[in-house]
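First the structure, in the form of structure tokens, and then the observations on it.
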């Protein structure tokens with residue numbers, strides 16, 4: 001039986017409410033809870049791949065809605081999530097878990113800051129390039145600034161790569 005997007009989100013939210021007082025949970029725990037909700041639509045034991053795919057999809061939707069925050073890297077097996085209280089969409093600055101079973105989020109927050117700064121610098125580059133066309137008299141100055149900004153973006157990209165490797169290494173050490 002086909003499950004509509006609305007039904008899938010509804011089941012996903014119900015599974016979230018069954019987590020209880022836990023704020024941190026992992027993918028396999030969530031799949032177990034979602035399995036009970038999806039049993040009314042299809043046999044989840046025989047369609048385990050379908051359940052996995054739908055759990056990934058619903059978690060992405062819940063993350064976009066601000067109900068959960070992913071605290072582990074994109075390629076991590078059995079990803080870790082943080083349940084936002086009351087489904088609020090505001091991010092919390094302190095995502096550090098109480099135990100060591102989850103990666104320290106300090107590196108993730110730093111990586112997010114790097115990505116945000118890269119994005120802002122990218123917008124500045126675009127603004128400078130727009131001004132190049134509108135104010136050709138200032139071409140040399142604008143080109144110089146574009147070069148500096150692009151250099152800063154490159155350095156931030158390298159830092160982000162290194163921080164990603166640190167996070168991955170940290171995950172591998174803990175597993």
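One table, with the values for the structure above:
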| read-out | value |
| --- | --- |
| Contact order relative to length of the range 105-174, as percent, for alpha carbon pairs under 8 angstrom and 6 or more apart | 46 percent |
| Gain upon complete extension [residue 7, residue 109; 0.36 nm per residue less C-alpha separation] | 33.4 nm |
| Ordering of 133-143, 107-117 by burial proxy (mean other Cβ atoms within 10 Å per residue, highest first) | 107-117, 133-143 |
| The range 142-175 versus the range 1-58: alpha-carbon centroid distance in Å | 35 Å |
| Förster radius 25 Å - calculated FRET efficiency between residue 130 and residue 157 (Cβ-Cβ, nearest 0.05) | 0.65 |
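Read-outs: derived from the displayed coordinates by stated rules, not from any lab. Here the structure is a predicted model, which is why all the values come from computation and not from measurement. FYI the Cβ positions are ideal-geometry reconstructions off the backbone, even for glycines, and counts take in every protein chain you see.
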